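K.L.:
One structure, as structure tokens, below. Some questions next.
FYI, it's all coordinate maths here, none of it is from the lab. Just so it is clear, the structure is predicted and the values come from calculations on it, not from any experiment. For neighbour counting, all protein chains shown are included, and Cβ atoms are generated from backbone atoms with ideal geometry for every residue, glycine included.
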Amino acid sequence: MEYEYSFVFDNSSDNLTEMSGDFELQPDYQEPCDGAVSSSFNKIFLPTVYGIIFVLGIIGNGLVIVVMGYQQKVKTMTDKYRLHLSVADLLFVLTLPFWAVDAASNWYGGSLLCVSVHVIYTVNLYSSVLILAFISLDRYLAVVRATNSQTTRKLLANKVIYVAVWLPAVVLTVPDMVFARAQTTGSSNFLLMEDESMDTAHSRVICERIYPQESNLIWTAVFRFQHILVGFVLPGLVILICYCIIITKLSQGTKGQALKKKALKTTVILILCFFSCWLPYCVGIFLDTLIMLNVVSRSCELEQAVNKWISITEALAFFHCCLNPILYAFLGVKFKKSARSALSSRSSQKVTLMTKKRAAISSVSTESESSSVLSS
């Protein structure tokens with residue numbers, strides 16, 4: 001938000017060298033909101049949460065990718081979606097350290113890295129959410145139309161996902177490539193005397209989209225509504241409709257009640273987790289946009305509350321990339337078995353390498369030791 005200040009100096013004073021002029025503010029002047037509280041909160045809260053999400057996201061999604069790589073050949077459509085989702089989430093969390101440093105102190109990467117981080121952030125933010133919609137659609141076909149959906153499911157998992165997920169996500173990075181850059185800003189930059197200016201106080205380098213000043217409001221509103229529509233509303237509707245139909249289908253009949261009950265529980269958890277993570281954040285940026293457009297009455301208290309709400313709920317939304325490996329991979333029995341096989345195989349390979357190195361020293365003792373380890 002920008003505020004215009006109008007200074008009127010009393011030139012009758014003889015002590016101009018001490019810059020002791022009196023000034024008045026125009027009657028239409030509006031005192032700006034103090035963002036110091038929100039800024040100090042973000043400097044502590046955001047780096048801490050981003051750090052936690054980064055560690056958990058690296059471990060969870062990295063393990064999924066390792067297990068998928070161990071399987072060598074991806075056999076099912078579910079496995080393919082898991083791999084796509086984990087790649088998207090992993091690339092997303094890799095950008096969080098940059099945002100953590102930016103929130104804590106300053107942006108140090110320059111404009112080129114700023115654009116790159118924005119592009120990676122946008123691609124994987126949208127692709128992750130759209131892949132979740134594809135997973136729900138795939139499960140709808142597998143449960144509700146199980147008899148004749150195999151061809152459609154293969155088409156979606158092998159080809160359509162690139163056109164309907166990754167291509168739109170890449171296209172949506174165009175605004176980042178056009179507008180994102182590193183720029184020095186500060187809290188004050190007022191012209192106090194003719195031919196003399198005071199340096200900007202508390203200046204810092206920021207990395208964000210810088211829109212043209214004359215149309216800044218329009219650009220901001222358009223891209224925020226785009227984010228809400230493409231990043232939440234459309235995939236959210238697909239997820240909600242597909243899973244509600246699945247719940248209705250699983251509730252019918254009496255066969256396999258134990259398995260159906262478990263599937264219903266998992267489905268409800270998936271729905272609740274998605275909307276619990278993303279809905280509060282989208283509500284926050286929607287309300288902030290309405291305030292910015294003067295649709296909702298502006299007040300300093302409301303602006304500060306909304307800004308803090310966005311900071312907290314944005315971190316909650318990002319936390320969804322840590323839940324995805326648990327919800328879509330670790331809950332599956334087949335994946336657990338594959339994970340145990342992959343980890344045990346890697347530990348066996350390490351033992352084999354160690355025994356080979358020690359073979360020249362004591363071949364008899366090493367041989368008996370390795371056989372006991374591998375058989376355990």
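K.L.:
Using a 10 Å cut-off on Cβ atoms, rank the peptides 94-104, 219-229 from the highest mean neighbour count down.
P.N.:
Ranked by mean Cβ neighbours within 10 Å, highest first: 94-104, 219-229.
K.L.:
Right, another one. Rounded to the nearest 0.05, what FRET efficiency do ILE210 and LYS265 have when you use their Cβ-Cβ distance and R0 = 45 Å?
P.N.:
On the way: r = 47 Å, r/R0 = 1.05.
The calculated FRET efficiency here is 0.45.
K.L.:
Fully extended, how many nm does the chain gain between ILE44 and SER276 (0.36 nm per residue separation, minus their Cα-Cα distance)?
P.N.:
Stretched fully, the ILE44-SER276 segment lengthens by 81.2 nm.
K.L.:
What residues qualify as long-range amide H neighbours of ALA180, i.e. H under 5 Å apart, gap of 5 or more or another chain, H built at 1.01 Å from N?
P.N.:
The list, which skips near neighbours in sequence, is ILE210.
K.L.:
Ordered by residue, what ³J(HN,Hα) values in Hz, to whole numbers, does region 168-177 give under the Karplus form 6.51 cos²θ - 1.76 cosθ + 1.60, where θ = phi - 60° and Gly and Pro are x?
P.N.:
x, 5, 5, 4, 6, 8, 4, x, 5, 5
K.L.:
At 0.36 nm per residue, minus the direct Cα-Cα distance, what do ILE247 and VAL144 gain on full extension? Give it in nm, one decimal, please.
P.N.:
Separation in residues times 0.36 nm, less the Cα-Cα distance, equals 36.1 nm.
K.L.:
Now for a different question. Highest mean first, what order results for 300-312, 47-59 on Cβ atoms within 10 Å?
P.N.:
Answer by packing, highest mean first, reads 47-59, 300-312.
K.L.:
Compute the FRET efficiency between ARG298 and ASN158 as 1/(1 + (r/R0)^6), taking r as their Cβ-Cβ distance and R0 = 56 Å, and round to the nearest 0.05.
P.N.:
0.65
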